[in-house]
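**Student:** Got a structure for you, questions after.
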Amino acid sequence: MQAFVALLVIALLAACAPAVEDGATGDGAPSAPAARPAAAAARTADTTPAADRLVVALEVDVPGFDPRRQHNVRSSELVGVILEPLVTLERDFSLRPRLATGWEVADEGRRLTLRLREGVTFHDGRPFTAEDVRFTIETGLASDETGAVRLHLSEVTRVETPDAATVVLHAENPTGGLLVALASVPIIPAGSGRDFDARPIGTGPFAFVRHDVGSSLLVERFDGYWGPTAGVPAVEFRVLERSTDRATALARGNAHVSQSSWDTDEERRLENDRNVNVERLAGTAHQYLAINAGRPPFDDPDVRRALNHLIPRERIVADVYRGRALAGVSMLAPSMPWFDPDTPVFAYDVARARELVAASGADFDRTYTVLTNDNPFRNATAETLVGAFAQVGMRAQLEVAAFSTFLQRIRDGDFDVHLLGMGGAHNVARLLDQYTQETSMFNRAGFSDPEVAAMLSAAAALDPSSPEAIALYRAVANRVVAFSAHAFIIYDVAVGASRSEVEGWGPHPVPALAYQDLHLVQLGR
C-alpha cells in the first residue's frame, strides 16, 4: 500500500494537467544466453518497409523496459506490445484473460489462484510456465527494486506454483485490488538479468528489434504468438516531443495513432482534418476539493453540501480546462463498472446552497483559506471557488504553498479546504481505500464509517468484476460522496488521434494501457 500511495503522490503533479495532456535478477547476474529460433535470430535489423509499419507518435522516450525496475507510464505503454500481463483491463474496465485463462479468489481475499494459458512461448522459443510468473514477482519484490512489480503487488507475501500451469498468490490481508493490479504487471522469462531493461523478451504479439534511445523503438510481428496474428508486420514508436510535431505527423500520414497531450490549437486542427479521427473519453485522474469536517462550521454536513452546490463545475471545465475535462461526480470515472449512475449529483445551485447554510445556522465569522499548491489549473479553480463561496457569505482567500509544505499541512489537518488531484486511479479497491482509511493522506477531510469498512472487507473477498463486488463498491463510493467532505470537481479526459485508415484502435482511460491491443489494429490504404 505504501508503494501505491507513493505512485499517487507522484501522479498528483500529472493529474492536474488537462487530459489533452502521465532486466535484473536478485543477484544482479546477467541473463544466461538462450537458444534462439532462426526467425528470432534474424530479427537484428530493420527488415520491414516503412510503408508497412504502424507508426505511433510518442511524447517522450522510455528509460527501459524491465517491469521490475521501471514503473512510469511511458515504459508501460511500450512494453505492453512486447510483454504481457496475466490479465488486462478493457476500455470499460472489465477484466479480460491474457496469460491467465481463469482465476479464483479465496480465503476472504488473501489467496488468488490463477490458471495459466498453455502452449505459449517467449520470443526466444522458451515455453511460458508458472515459474516465469513466480520469478517475475519474487525478483520484482526485492527490496532494491522500485518498478511496476513492487509498486502494484506489494501485498503479495508468497507465490506458489503447484504445477506448470497454476500460480497461487498469497497476501497477509484481504486485497480486493490484487486482480486488477495484475493488469499492470507484465511477465518476463525466468532467469532474466539486468540486460533485460535494454533488450526485452516477452510473449506478446510483437518482438523487440531495436531501440534508438531518444528517437524510436521498432518491434516486429511475432509469428509464434498464441493469439490473433498481428494485423501489421511492424510497429514503430517514434518520439515527437512537441504537440505540433505529432499533429503534423498525423496530418501528413507519417504517424498513424497517438494518445498524448495536445495543445488546444493542435487538437482543433486534428478535429478539422477529415483524414484524422479524434476520440475522447473520461480518464482515471480527477481533481477534488477536500473540506475539513473537523473544523466548524464544516463539521455540519449541511455546510459541506452547500459548498458542493456552489462549485460551478461546467464553468471550471470551460474556463480553466478549456473544455478538455468532464464535470466530476465521484472518485470513480463514469466508464467504470463500479460507478453508480444513481450517485448523488451536486448540481450548481446557489439557492439550494443558501437554504442549507440557513438551516445549519452557520456563522462564517472569519476569513477561510482555500489551500493549493503552485499549479496554474488548481490556482485558477481556487480563484473561481473563492468567488463562488462568497455567495453564501463565506469570506475566502487563496493561499498557495510550496508542494512539500502543502502536503505536510494536509497530513497535519492544517487547512479549511484544499484542492488536490489523484492520478493513476483505476484500481477500485485501492482507490476507495484511500478515501476511507483514516490514516490516508487522501482522507484528511474526516470521513469515517464502520459500515464502509465492513463493505470494503466483504468486497475484498470477491472478484472485483462480480456483481456482488460491484454493488459493494458502488455503495461505498456513494457513502463518501454523500458525506460531502470531498467535492469532486473534474475528471481528466484521455484524447486519442488516429488516421482514418486505422481500424481497431481507440484511446484507453488508463494511459499505460493505450497500446496493449495494437495487434488487433488493421492498417488500410
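**Student:** Could you check segment 173-212 and list, in sequence order, the residues that are of a type in the set (S, T, N, Q) and in contact with a Leu (Cβ under 9 Å, 6 or more places away or on another chain)? Can you show your working first?
**Tutor:** Restricting attention to segment 173-212, the residues satisfying the condition of being of a type in the set (S, T, N, Q) are 173, 175, 184, 192, 203.
Within segment 173-212, T175, S184, T203 qualify.
**Student:** Scan segment 78-102 residue by residue and report those that are in a strand (DSSP E or B) and either buried (at least 19 other Cβ atoms within 10 Å of the Cβ) or of a type in the set (S, T, N, Q) (or both). First the steps, then the outcome.
**Tutor:** The first filter runs over segment 78-102 and keeps only residues in a strand (DSSP E or B), leaving 84-85, 87-89, 95-97, 100-102.
Of everything in segment 78-102, those that are in a strand (DSSP E or B) and either buried (at least 19 other Cβ atoms within 10 Å of the Cβ) or of a type in the set (S, T, N, Q) (or both) turn out to be E84, P85, V87, T88, L89, L95, A100, T101.
**Student:** Checking G387 against (1) within 21 Å of D299 (Cα to Cα); (2) at pLDDT 95 or above; (3) among the small types (G, A, S), only one condition comes out false. Which one?
**Tutor:** Status for G387: all satisfied but (1).
**Student:** Name the residues in segment 265-285 that are basic (K, R) and not in a loop (DSSP other than H, G, I, E, B), would you?
**Tutor:** R268, R269, R280
**Student:** How many of the residues in segment 244-264 are of a type outside the set (A, V, I, L, M, F, W, C), surrounded by fewer than 21 Cβ atoms within 10 Å (Cβ to Cβ) and in a helix (DSSP H, G or I)? Walk me through it before giving the result.
**Tutor:** Of segment 244-264, the ones of a type outside the set (A, V, I, L, M, F, W, C) are 244-246, 248, 252-254, 256, 258-261, 263-264.
Remaining after also requiring surrounded by fewer than 21 Cβ atoms within 10 Å (Cβ to Cβ): 244-245, 248, 252-254, 261, 263-264.
This time we only want the ones that are in a helix (DSSP H, G or I), so: 244-245, 248, 252, 264.
Qualifying residue count, segment 244-264: 5.
Every residue, every condition in (1) at pLDDT below 95; (2) in the same structural domain as A390 (by TED's automatic domain parsing); (3) of a type in the set (K, R), yes or no:
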residue	(1), (2), (3)
V235	no, no, no
R252	no, no, yes
R268	yes, no, yes
N275	no, no, no
P297	no, yes, no
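**Student:** Please specify each residue of segment 90-104 satisfying the condition of being among the hydrophobic types (A, V, I, L, M, F, W, C) and more than 21 Å from D132 (Cα to Cα). Steps first, answer last, please.
**Tutor:** Pass one, segment 90-104, residues among the hydrophobic types (A, V, I, L, M, F, W, C): 93, 95, 99-100, 103.
Across segment 90-104, the qualifying residues are F93, L95.
Residue by residue, here is whether (1) of a type outside the set (K, R); (2) farther than 20 Å from E172 by Cα holds:
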{"residue": "L407", "(1), (2)": "yes, yes"}
{"residue": "R411", "(1), (2)": "no, yes"}
{"residue": "D414", "(1), (2)": "yes, yes"}
{"residue": "G423", "(1), (2)": "yes, yes"}
{"residue": "A429", "(1), (2)": "yes, no"}
{"residue": "V452", "(1), (2)": "yes, yes"}
{"residue": "L462", "(1), (2)": "yes, no"}
{"residue": "V476", "(1), (2)": "yes, yes"}
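**Student:** Also: Just to be sure before I move on: is D492 among the charged types (D, E, K, R), crowded, with 24+ Cβ neighbours inside 10 Å and under 30 Å from N275 (Cα atoms) in the structure I sent?
**Tutor:** yes
**Student:** Also: Just name the residue that is surrounded by the most Cβ atoms within 10 Å (Cβ to Cβ) out of those in segment 150-171 that are under 25 Å from the mean Cα position of the chain (by Cα) and either of a type in the set (G, A, S) or at pLDDT below 95 (or both).
**Tutor:** Among those residues, the one meeting the criterion is H152.
**Student:** Is at least one residue of segment 332-340 polar (S, T, N, Q) and closer than 29 Å to A494 by Cβ?
**Tutor:** yes
**Student:** So is E451 assigned by TED's automatic domain parsing to the domain that holds P312 and either crowded, with 19+ Cβ neighbours inside 10 Å or not in a loop (DSSP other than H, G, I, E, B) (or both) or not?
**Tutor:** yes
**Student:** Let me ask something else. In segment 286-324, what residues are touching a Pro at 6+ places or on another chain (Cβ under 9 Å), of a type outside the set (S, T, Y), on the phi < 0 side of the Ramachandran plot and outside any helix (DSSP H, G or I)?
**Tutor:** A293, V320, R324
**Student:** Quick test for you: out of R444, R474, pick the one residue that is among the charged types (D, E, K, R), under 17 Å from L289 (Cβ atoms), buried (at least 21 other Cβ atoms within 10 Å of the Cβ) and not assigned by TED's automatic domain parsing to the domain that holds R96.
**Tutor:** Checking each option against the conditions leaves just R444.
**Student:** Got at least one residue in segment 183-196 being part of a strand (DSSP E or B) and either more than 21 Å from V133 (Cβ to Cβ) or not assigned by TED's automatic domain parsing to the domain that holds A460 (or both)?
**Tutor:** yes
**Student:** Any residue that is surrounded by 21 or more Cβ atoms within 10 Å (Cβ to Cβ), at pLDDT below 95 and in a helix (DSSP H, G or I) - is there at least one of those in segment 367-383?
**Tutor:** yes
The values are calculated or read from the model by the stated rules, or taken from the named source; none is laboratory data. Predicted model, so just to flag it, every value in this text is computed and none were measured. Quick reminder, even Gly has a Cβ in these numbers, built from the backbone with ideal geometry, and neighbours come from all protein chains shown.
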